[in-house]
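The values are calculated or read from the model by the stated rules, or taken from the named source; none is laboratory data. Here the structure is a predicted model, which means the values were calculated and not measured. Using ideal geometry, Cβ is built from the backbone for each residue, glycine included, and neighbour counts are taken over all protein chains shown.
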Protein chains: 2
Amino acid sequence: MFEKYDLTKIMDDAAFEKAMTPMKERLSILQRTLRDLNIPVIIVIEGWNAAGITMSTKEIIQSLDPRGFSLHATDKATDEERARPFMWRFWIKTPSKGRIALFARSWYSRALAEKLSSIGWKKTLKDEIHSITVFERQLSDSGVIIIKFFLHISKDEQKTRLLERERNPLTAWLVTPSIWEFHHNYETYFPLIDEFIEKTDTAYAPWHIIEATDRKYTIYKVYSSLVKNLEKRIAADSEERSKKGKQKNIDKPPKNPVQRRSSAIKSYSKEECQDLLSNLQIEMLELNYLLFKRKIPFIIVYEGWDAAGKGGNITRLARYINPLGYNVLPVSAPNDYESQHHYLWRFIRHYPKAGHFAIYDRSWYGRVMVERVEGFCSESEWQRAYQEINEMEQDYVDSSGGGIVKFWLEISKEEQLKRFHQREHDPLKQYKITEEDWRNREKWDLYDAAVDEMLARTNTPHAPWIVIESDDKWYARVKTLKEVIRHVEELL
Amino acid sequence: MFEKYDLTKIMDDAAFEKAMTPMKERLSILQRTLRDLNIPVIIVIEGWNAAGITMSTKEIIQSLDPRGFSLHATDKATDEERARPFMWRFWIKTPSKGRIALFARSWYSRALAEKLSSIGWKKTLKDEIHSITVFERQLSDSGVIIIKFFLHISKDEQKTRLLERERNPLTAWLVTPSIWEFHHNYETYFPLIDEFIEKTDTAYAPWHIIEATDRKYTIYKVYSSLVKNLEKRIAADSEERSKKGKQKNIDKPPKNPVQRRSSAIKSYSKEECQDLLSNLQIEMLELNYLLFKRKIPFIIVYEGWDAAGKGGNITRLARYINPLGYNVLPVSAPNDYESQHHYLWRFIRHYPKAGHFAIYDRSWYGRVMVERVEGFCSESEWQRAYQEINEMEQDYVDSSGGGIVKFWLEISKEEQLKRFHQREHDPLKQYKITEEDWRNREKWDLYDAAVDEMLARTNTPHAPWIVIESDDKWYARVKTLKEVIRHVEELL
């Protein structure tokens, strides 16, 4: 893509002044419009070292209300970031509705830098390109506007600027040996970066290459591309809103039905169960230790019918995990802060650290269950979610080296009724049963169909569903622990 | 405190079993009661190395529903934590209403470890004791139950255990050279830790010294102290609720009235203002650079009348700060997640990193303004807040080495009316004026009195209030920048 750009373009003072004043006003107004329309925006500024990333960022924010944007200067990963999958640190910084997130350098620079410094680098960014396009597409699908700039200068121009910076005591410290090294390899990286940009230049997150030799021309081009694009996207957005209903055809993942009723279920007595569990406990202890030492994270998802025994099952399972190495995340309806973000945001935020377990008590599958059945999201949203969830889980596994196992706690409709009645009559358990449980029960068939589809469409090799037949709670507890052990073992 | 404890206590199996079964049940039920009453709980487990901190933690959580507690294993600070004041990492982990936060080691171990490893250590923990007691008292005042355990073993017992751990391949890696070093200095640290505990043993956050030689006795003692204390505190809490109204006498900070109306206000033309600002800009640039290099954080608080020009003033000020080095935090009513925590929690969370600015657009002063005037908190709560805020700001300055400056943007009641009318008639500004603004204006006198009291009681040497006379917006902008420069200079 780079070749077609003319790096000698300059702009005179008069033309610059004349062009910029109205442009700045338009950007100011656009920010308010975006806020009023609740549209989140991501602006990425990338480019060669010394091409003017900081300068351009400063210029953009001159026209913005600082209360409505966040600026993220992307640098080396912190401890917390390093302990989680690559895209995590960017996911958590995605803007809430109506806000602008500006990234001065971003996932692009980091993917490149971390790839370059890793051992056995094959000069291909295939995996990174996949992770990034999934990330950008998912955000775009949820309504985020993404605009990306690459500031392009020649090697000679870069050399001039780096030498200039070295002469200035206020900027000399910015010019590190690795920046010079990158400079000397300009020709080596050129085709790589060119390809990286070309492969991530999509309709939903387009790149704008800015010929950045002349300061004024750079600012003018960044501003005008930004303003024009935002205006275009706002117009497209309002058009889309008006013709709502006309849905795009969504590619759903293939169906791979999961058997929910097994005849091979045993009933255990409490004593049998305790014997079995204490044997498994020793195995689990060792595996837990190995995960910790090798810094491998592990996600366990619990879904299931009301009264299927999720709480008790989680409590028992948790006893076999090093308490300093896991977190249980009770998931209920999103709070008002969470609902300002992409629906996956609140789950990704709580990804386990390297070497830790995260147990999600209900999860992102709410999208294709309660949100689907109760109509909390549109049909196209939950239809799209199967693919989004598979992608998210795949990316998690690929980029963290960790594992996921998902439990569906199955009970029969009769068993549920029996348990509801028991709960109502036991003063210690009454708190567990609410009006909502009865209302959900009335919709059993709708939920039943949603569960079937969920299991079939998201049962993947990297993140399998395991049905836990839970009519007998002792059997269920033993099976859960066994399955965790089996999947951790496979991973090691 | 240590001397009076008998470290030879042991417990036999039968007595242990008999005592523990009902105790575990009581703890389970207590957790639910606490959740129903919306009471947050902090449990701290400290002790000598190898005294059984992990073991005791594991035992406690056996009886807890993992969905209702978080376990924090306190270790060395992460990058993010190191870049902020000492107590920040603990503040952000305080439990929301109805949840339990368990700290396996805590601010006590970290204060000691960081003190011990710092240069010029004078073997006094005076500053830490002050920070910690303020932290615990403020949380307790807001309704958090705090219970602290110290597991006490003798030097000989510790040696036996460390040697045992070294022999076991699964635990050998836990015994680091620094743990042995600490062991060899047992006698040196003994009086220091003893004093530390004694000075932080308060009615609102009591210590329980546990004779931890015998495993069973340790567990029994931890459980029984925990259960008894929680039961006592719940009883006291419900008693307090019933006799609400009977308020404790609150020590309010002295009044130090602040002049809000100055006769020395100039009016600037836009041109004069721009000249002045561009001179100040150069100064600011250099100061900004120095703060960054020396890793000193700086907080700027904006409060003021509606329409006093906070937004414009912040936008202009922000232009003179390195955009990669500041954050503007727009503060509105707490969201439902934030309101589950101490009222200072959401502000402390956003403390600036070392070398950065944080600009709070409205702040914790909402407690003594809008929450006071609108009755969103009780009188005793806002009365107490003056001291709490002073303490928070003092602790911030002391422990971060940073600065705080607070701006009160003052306009006259007539000027406000004029601006309200202007806003109503300007289509570009209409969005800025709401029904609420008019309602607030009706309560001008109530707010006026609240402002006077706020300024007088929280104008401290470490976090001064600066009145910005804002009838002339150009004057206001110049004065704000000047004051920021003056205070940053004083700090350097």
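Quick check on my filter: what residues within the range A:350-362 are closer than 22 Å to A:Tyr386 by Cβ and within 12 Å of chain B (Cβ to nearest Cβ)?
A:His350, A:Ala358, A:Tyr360, A:Asp361, A:Arg362
Test each condition in (1) within 13 Å of chain A (Cβ to nearest Cβ); (2) closer than 27 Å to B:Asp251 by Cβ; (3) not in a loop (DSSP other than H, G, I, E, B) for B:Phe292 and report the one that comes out false.
(2)
Tell me which residues, restricted to the range B:57-86, are among the β-branched types (Val, Ile, Thr) and touching a residue at least 40 places away in the same chain (Cβ under 8 Å).
B:Thr57, B:Ile60, B:Ile61
Among the helices (runs of 4 or more DSSP H) contained in the range B:112-214, which hold 3 or more residues that are hydrophobic (A, V, I, L, M, F, W, C)?
B:126-141, B:177-184, B:186-199
Restrict the check to the range A:367-381 and report whether at least one residue is farther than 18 Å from A:Arg457 by Cβ, in the same structural domain as A:Ala463 (by TED's automatic domain parsing) and outside any loop (DSSP other than H, G, I, E, B).
no
Quick check on this structure: which one of A:Ala101, A:Ala51 is farther than 19 Å from A:Arg26 by Cβ, touching a residue at least 24 places away in the same chain (Cβ under 8 Å), more than 19 Å from the chain's Cα centre (by Cα) and crowded, with 21+ Cβ neighbours inside 10 Å?
On inspection, the qualifying residue turns out to be A:Ala51.
Considering (1) in contact with a Cys (Cβ under 6 Å, 6 or more places away or on another chain); (2) at pLDDT 95 or above, say which one B:Met454 fails and leave the rest.
(1)
For the range B:295-315, which residues satisfy the criterion of being out of contact with any Ser or Thr (no Cβ under 8 Å at 6 or more places or on another chain) and in a helix (DSSP H, G or I)?
Once the filter is applied, which keeps residues that are out of contact with any Ser or Thr (no Cβ under 8 Å at 6 or more places or on another chain) and in a helix (DSSP H, G or I), the range B:295-315 yields B:Lys310, B:Gly311, B:Gly312, B:Ile314, B:Thr315.
Within the range B:75-87, how many residues turn out to be more than 7 Å from chain A (Cβ to nearest Cβ) and surrounded by fewer than 21 Cβ atoms within 10 Å (Cβ to Cβ)?
The qualifying residues number 6.
Taking A:Pro22 as the residue in question, decide whether it is surrounded by 19 or more Cβ atoms within 10 Å (Cβ to Cβ) and more than 17 Å from A:Ala111 (Cα to Cα).
No; evaluated as a whole, the condition is false for this residue.
How many of the residues making up the range B:258-270 are out of contact with any helix residue (DSSP H, G or I) (no Cβ under 9 Å at 6 or more places or on another chain), touching a residue at least 12 places away in the same chain (Cβ under 8 Å) and hydroxyl-bearing (Ser, Thr, Tyr)?
Looking only at that region, the number is 1.
Answer yes or no as to whether A:Ser378 is touching a Phe, Trp or Tyr at 6+ places or on another chain (Cβ under 6 Å) and at pLDDT below 95.
no
Count, please, the residues in the range A:438-447 that happen to be surrounded by fewer than 16 Cβ atoms within 10 Å (Cβ to Cβ), touching a residue at least 24 places away in the same chain (Cβ under 8 Å) and part of a helix (DSSP H, G or I).
Looking only at that region, the number is 2.
Conditions (1) in contact with a helix residue (DSSP H, G or I) (Cβ under 9 Å, 6 or more places away or on another chain); (2) surrounded by fewer than 19 Cβ atoms within 10 Å (Cβ to Cβ); (3) assigned to a helix (DSSP H, G or I); (4) within 14 Å of another protein chain (Cβ to nearest Cβ), marked per residue:
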{"residue": "B:Glu272", "(1), (2), (3), (4)": "yes, yes, yes, no"}
{"residue": "B:Ile282", "(1), (2), (3), (4)": "no, yes, yes, yes"}
{"residue": "B:Leu324", "(1), (2), (3), (4)": "yes, yes, yes, yes"}
{"residue": "B:Arg346", "(1), (2), (3), (4)": "yes, yes, yes, yes"}
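Among the residues of the range B:295-322, which ones are facing chain A (nearest Cβ under 8 Å) and either hydroxyl-bearing (Ser, Thr, Tyr) or touching a Cys at 6+ places or on another chain (Cβ under 7 Å) (or both)?
B:Thr315
Going through the range B:1-21 one residue at a time, which ones are under 24 Å from B:Asp201 (Cα atoms) and either assigned to a helix (DSSP H, G or I) or within 34 Å of the chain's Cα centre (by Cα) (or both)?
B:Met1, B:Phe2, B:Glu3, B:Lys4, B:Tyr5
Could you list, in sequence order, the residues of the range A:448-472 that are surrounded by fewer than 20 Cβ atoms within 10 Å (Cβ to Cβ) and in a helix (DSSP H, G or I)?
If the condition is that a residue be surrounded by fewer than 20 Cβ atoms within 10 Å (Cβ to Cβ) and in a helix (DSSP H, G or I), then A:Asp448, A:Ala449, A:Ala450, A:Asp452, A:Glu453, A:Ala456 are the ones that fit.
Within the range B:289-318, which residues are surrounded by fewer than 22 Cβ atoms within 10 Å (Cβ to Cβ) and farther than 30 Å from B:Glu414 by Cα?
B:Tyr289, B:Leu290, B:Phe292, B:Lys293, B:Arg294, B:Lys295, B:Ile296
Could you list all residues from the range A:22-62 that are away from every other protein chain (no Cβ under 14 Å), touching a Phe, Trp or Tyr at 6+ places or on another chain (Cβ under 9 Å) and in a helix (DSSP H, G or I)?
A:Met23
Please verify whether the range B:328-336 includes one or more residues that are surrounded by 17 or more Cβ atoms within 10 Å (Cβ to Cβ), within 14 Å of chain A (Cβ to nearest Cβ) and part of a strand (DSSP E or B).
Yes, the range B:328-336 contains at least one residue that is surrounded by 17 or more Cβ atoms within 10 Å (Cβ to Cβ), within 14 Å of chain A (Cβ to nearest Cβ) and part of a strand (DSSP E or B).
Taking the range B:179-202 as the region of interest, how many residues are among the hydroxyl-bearing types (Ser, Thr, Tyr) and more than 18 Å from B:Arg161 (Cβ to Cβ)?
So the answer is 3.
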